[in-house]
1. Being closer than 19 Å to residue 314 by Cα and among the hydroxyl-bearing types (Ser, Thr, Tyr) narrows it down to one residue among 226, 208, 246; which is it?
2. Can you tell me which residues in the stretch 48-62 are within 16 Å of ligand 2 (Cβ to nearest atom) and part of a loop (DSSP other than H, G, I, E, B)?
3. So if I check each of 165, 192, which one is closer than 17 Å to residue 258 by Cα, β-branched (Val, Ile, Thr) and within 14 Å of ligand 1 (Cβ to nearest atom)?
4. Kindly state which strands (runs of 3 or more DSSP E) lie completely within the stretch 268-345 and contain at least 3 residues that are within 16 Å of ligand 1 (Cβ to nearest atom) and buried (at least 19 other Cβ atoms within 10 Å of the Cβ).
5. May I ask you to list the residues in the stretch 227-267 that are more than 15 Å from residue 170 (Cα to Cα), polar (S, T, N, Q) and surrounded by 22 or more Cβ atoms within 10 Å (Cβ to Cβ)?
6. What number of residues in the stretch 211-256 are more than 16 Å from ligand 2 (Cβ to nearest atom), assigned to a loop (DSSP other than H, G, I, E, B) and closer than 19 Å to residue 289 by Cβ?
7. Would you be able to tell me the number of residues in the stretch 1-16 that are among the small types (Gly, Ala, Ser), part of a loop (DSSP other than H, G, I, E, B) and farther than 17 Å from residue 322 by Cβ?
Amino acid sequence: MLGIGKTGWIEKERPNCGPMDAICRPIAVAPCTSDIHTVWEGAIGERSDMILGHEAVGEVVEVGNLVKDFKPGDRVIIPAITPDWNSVAAQGGFAMHSGVMLGGWKFSNFKDGVFGEFFHVNDADGNLALLPDGLDPAAACMLSDMVPTGLHGSELAKVEYGDTVCVIGIGPVGLMGVAGAVLKGASHVYAVGSRPDCVKIAKEYGATDIINYKNGDIAQQILDQTNGIGVDKVIIAGGGCEILETAIKMLKPGGCIGNVNYFGDGEYLNIPRAEWGVGMGHKTIAGGLMPGGRLRMEKLASLLVTGRIDTSKLLTHRFKGFDKIEEALMLMKDKPKDLIKPVVTIDW
Ligand code: NDP
Ligand code: ZN
């Protein structure tokens, strides 16, 4: 990122490795909708000459002298969120907010990201996870952000056995929201999207009903299909600022909304007074940055190893070679109809 609205290639020094850190080089990387928000919407403010990217599987090339469990040559999954595990926020159970709110999001935010020949990982023992044998690095690259974020939607929404769930947005994050809701025991899963390829994959991940937001108000469509009752849980992974209002309207009293969507405009989000039970509807709104860290990566990787989640379905566009990263990023920006997620694999 050269500046807001501008990308290009730059030369930078190889980053230094602190005593608890690692330097890695990428073997699979993926651009994210967040990279697009960062560059073309200025979502995190002005940045210049910052290396983008926060989704990677890589090879360790150097470790600090206090790192115990990793060594050069290890193939690792790197989470998008790399908290400081000895922080007070981590002790409080919210490591993703270490230092400052959203402070665990360091790559391509507070420091250079993973679209470089070498990149720095803080707290290597706390944040890296070994890539399990036999796992395709491209498919495993979805463990950096898409799997943990989508699944966090179902955690925030507190999905339980038999719940009816609406997943708003079925890009790669929402599709993992569908997969997460199904794993947590949802019964009916209403998936909201319009693109045919996403709809097809949503059904493969277990969506029982598809709602097209282009066919009218989503809340009304859900209420029509549920005899006016609504759903137990809503996962938000797409749509603009008005979508929170929509989610509240389709939620049963006592229900819960899990938001992982980025809300980019305006000062406030609206809560519809009547549908929120005039303040007494027991409708919970939870929104969160995905938890990062090693344990989370190891556990989620085991879902791929055991075939509980097949992330290869997300990978609609595969590229080979470091110099293809730009093409993959531009694809993410332009979002052609058949795109779910591009991935770039690199042989060194
Ligand atoms: P995509 O753009 O690929 O997907 C967005 C989805 O939302 C699509 O299915 C799209 O439908 C749907 N959509 C668009 N407009 C509306 C609308 N008005 N009403 C309902 N649905 C709509 O995004 P990603 O899956 O890559 O990312 C989703 C969100 O998650 C982004 O905001 C991203 O910034 C955020 N994110 C959050 C993270 C976290 O840690 N909390 C981490 C990573 C991402 P269709 O295209 O089919 O028409
Ligand atoms: Zn991402």
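The values are calculated or read from the model by the stated rules, or taken from the named source; none is laboratory data. Computed from a predicted model, the values in this text were never measured in an experiment. Glycine also receives a Cβ, built like all others from the backbone with ideal geometry; neighbour counts cover every protein chain displayed.
1. After applying the criteria, what remains is 208.
2. 50, 51, 52, 53, 54, 55, listed by residue number.
3. Answer to the check: 192.
4. Result: 341-345.
5. Listed by number, the list holds a single entry, 246.
6. So the count comes out to 2.
7. Here the count works out to 1.
Quick grid of which residues meet (1) over 18 Å from the mean Cα position of the chain (by Cα); (2) within 26 Å of residue 283 (Cα to Cα):
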| residue | (1), (2) |
| --- | --- |
| 117 | yes, no |
| 122 | yes, no |
| 137 | no, no |
| 142 | no, no |
| 150 | no, yes |
